[in-house]
Amino acid sequence: MADIQPISEPISYQEAVKFDREIRRQGTGSSTTLRIVLGGNANLDFLVPGLRVGLAAQGFASEIRSSPYGNWIGETFDAEGSAADVWIIWISAMGMSRGMTERPALDVGSIAAAAARLVERGTKVVIVHPDPLPLENDPFSRFVVWRRSASDALRSALPSAVVQLEVEHLVRRIGMDAWTATRYWEQAKAPCHPDAATAVASELAHVVARLLRPAVRAVAVDLDDTLWGGTIGEVGPEGLALDPDGTGRPYLELQRLLLDLRDRGIPLAVVSKNDADVARRGFTERPEMLVGIDSFTRFDASWNPKYEAIASFAAQLNIGIDAVCFLDDSPKERDEARRMLPGLVVPELPDAPGQRAAYLLATRLFLAPVVSDEDRGRVAFFEQSAMPAPADLDGYLAGLGMTLEAARVDQANVDRSLSLLHKTNQFNVTLWRPSPSELTVLLGPEHYAFAFRLTDRVVDAGVIAVVVVAVEDRVARLAGWVMSCRVFGRGVEWAVAEHLWAWLAAHGVTEVRVPWVSGPRNALVGPMLHAIGLADEGPTPPEAATPHVTWFSADRLSPQRHHITITHR
């Protein structure tokens, strides 16, 4: 992730075909294969190579199928035939208008009902809204109002779980002349030029990838010439460039972007080589500042190396370095941080401050197709968790009044469950990264699939743990067990294990098999498995050929105080 580049010049369709051929020959090495169906009112075959290449770049293998042209709504009635992890539906303006010859009313009700059928089955649905038409080069064309009205009607009618993607920004970037190729509509019913379709496919690949896992979970930012213009130690707070109508505008633009990220649940940290008291004056004495000191989970202004502060920030949040993004105007500081913290996300910020916010958006690092209430509440929980540990930890934990609500994984929490299974690295027993359909197979009542929500007297942490266990012939095999780093050290692992063991006993399970797949950051799992009463049995066939898999089994749970009340939804 250290070599971050913006998405400025998309590859051509022919290049995508070449790369796709190589991917299919060599494979992606990914353990997760996404099943994707393309549908809509046009022929979407030109999306396939670019989509497969884009997903491979995001770490996903994919099987992609195009629904027959014009038949996608009918296909959604067939639960088995339409089964997929993701449906991508493009309501193209060329298809709506029959090649710009008509302006009929869009059957929004049928589209919304079809999308709802897919959502109800646990499928992720992405709708691409109607794209601009060449006749809209006349700003007074009736096609402008017609298309936008259809898009507004779609936006209002679609279920809230549907991700809705506008592509006008792509048309602006590519240009209408390059976007449009009416001969492809006439010959193949394609909505746009194949190169333009490849640009859409690249955008869709990022959207689908971010639906399962975020690229960045925290941001550390420099101050001088990054968050504000000038060096505060030399010019003082009064000399900083922060005029919104002048040279300070680009810095305030970046501040606005950071505040928006924080509102979506991404904690921020100041990492600056400065005297701490002097640095704080930039916030307290300049009312133009959009971010305040209280906007940051960590404020680290000192003369120590910045990479040390970044590492401490990641440790404070209990997240991996590869989940932290570092923003700094200095190439020297960026290079040092990259070398000292392998995996750190370090975008190459442009020298011109006015280009930086647009550059960061173009990297798609911060793309968030869906933002939940849990996401918005994450910063508050991080800040609470980051407080110094009290002297009497047991007394503190008991006084929190923690409640762990166990709920079967279902439509209400499956998206959060999938997200945890994909992005969690430290407390992840099996490193299982299931596709939505792979998870769905284990959601029947004969299996154990529970999501756990933690609340206390201060905050609602949301869903912080997911455990999935396959049960067959009274033998249980752990498919996945993940827990958010935010709740380490609170006894949640014992409360979850207690719930699991009680369920297994009630269902007559006589044997528990737990494969621990050791990875670069989940070393804490092994001791935890021992602590809760699992016995290490070593590699077991057929996993014996994979030495990093260690099997555990157990017939009891070691008692452990955890100060947590377990409830059920």
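The values are calculated or read from the model by the stated rules, or taken from the named source; none is laboratory data. Because the structure is predicted, anything quoted here is derived from the model rather than measured. Here Cβ is always computed from backbone atoms with ideal geometry, including for glycine, and neighbour counts include all displayed protein chains. Surface accessibility is based on the protein's heavy atoms, side chains included, excluding ligands, DNA and RNA. Shrake-Rupley method; radii C 1.70, N 1.55, O 1.52, S 1.80 Å.
For this structure, a couple of remarks:
- The Cα center of the stretch 45-98 and the Cα center of the stretch 177-194 differ in position by 18 Å.
- Computed 3J(HN,Hα) for the stretch 350-362, one whole-Hz value per residue from the Karplus formula 6.51 cos²θ - 1.76 cosθ + 1.60 where θ = phi - 60°, is x, 5, 6, x, x, 9, 6, 4, 5, 4, 4, 5, 6, glycine and proline marked x.
- Ranking Ala57, Leu327, Met340 by how far each Cα lies toward the positive end of the dipole of the chain (charges on Cβ) leaves Ala57 at the top.
- Computed from Cα atoms alone, the Kirkwood hydrodynamic radius reported for the stretch 149-226 is 15.6 Å.
- Charge-dipole axis of the stretch 95-168 as Lys and Arg at +1 and Asp and Glu at -1 on Cβ define it, positive-most pick from Ala161, Pro139, Val119: Val119
- Label-to-label distance, nm, for residues given as Val145 and Tyr69 (7 Å Cα→Cβ offset): 3.2
- Amide H contacts of Leu165 (H built 1.01 Å from N, in plane; Pro and chain starts excluded): Ile127, Val128, His129 sit under 5 Å, all sequence-distant by 5 or more or on other chains.
- Farthest towards the positive end of the charge dipole of the chain, among the residues Ala276, Ala188, Val458, is the Cα of Ala188, using unit charges on the Cβ of Lys, Arg, Asp and Glu.
- Surface composition of the stretch 194-299: carbon plus sulfur atoms hold 44% of the accessible area, using a 1.4 angstrom probe and ignoring ligands, DNA and RNA.
- Percent breakdown of C-alpha pair distances by 10 Å bin, ordered from the shortest bin, for the chain: 3, 16, 24, 24, 20, 11, 3, 0
- Ile73 accessible area, 1.4 Å probe, all protein chains in place, Å² to nearest 10: 50
- Put simply, the stretch 72-131 fits an ellipsoid with semi-axes of 24, 11, 9 Å; these come from the alpha carbon gyration tensor as the roots of five times its eigenvalues, largest first.
- Mean ellipticity per residue at 222 nm, deg cm²/dmol - from DSSP H runs of n ≥ 4 across the chain, formula -39500 (n - 2.57): -10500 deg cm²/dmol
- Given their separation in residues at 0.36 nm each and the Cα-Cα distance between them, Glu186 and Asp245 gain 16.3 nm when the chain is fully extended.
- Value of relative contact order over the stretch 221-346, rounded to a whole percent, pairs C-alpha under 8 Å and six or more apart: 24
- For the chain, the Cβ-based charge dipole about the Cα centre amounts to some 1000 debye (Lys, Arg positive; Asp, Glu negative; other atoms uncharged).
- With Cα atoms as the point set, the stretch 184-224 shows a radius of gyration and Dmax of 17.5, 56 Å.
- Taking all pairs of distinct alpha-carbon atoms in the stretch 433-518, Kirkwood radius in angstrom: 13.9
- Label point distance in nm, Phe488-Arg408, each placed 7 Å from Cα along Cα→Cβ: 3.4
- FRET efficiency, 1/(1 + (r/R0)^6) with R0 51 Å, evaluated for Asp275 and Ala506 via beta carbons: 0.25
- Of all DSSP-defined beta bridges confined to the chain, some 45% are antiparallel rather than parallel.
- Per residue, the chain exposes 42 Å² of accessible surface when a 1.4 Å probe is rolled over the protein heavy atoms with every protein chain present.
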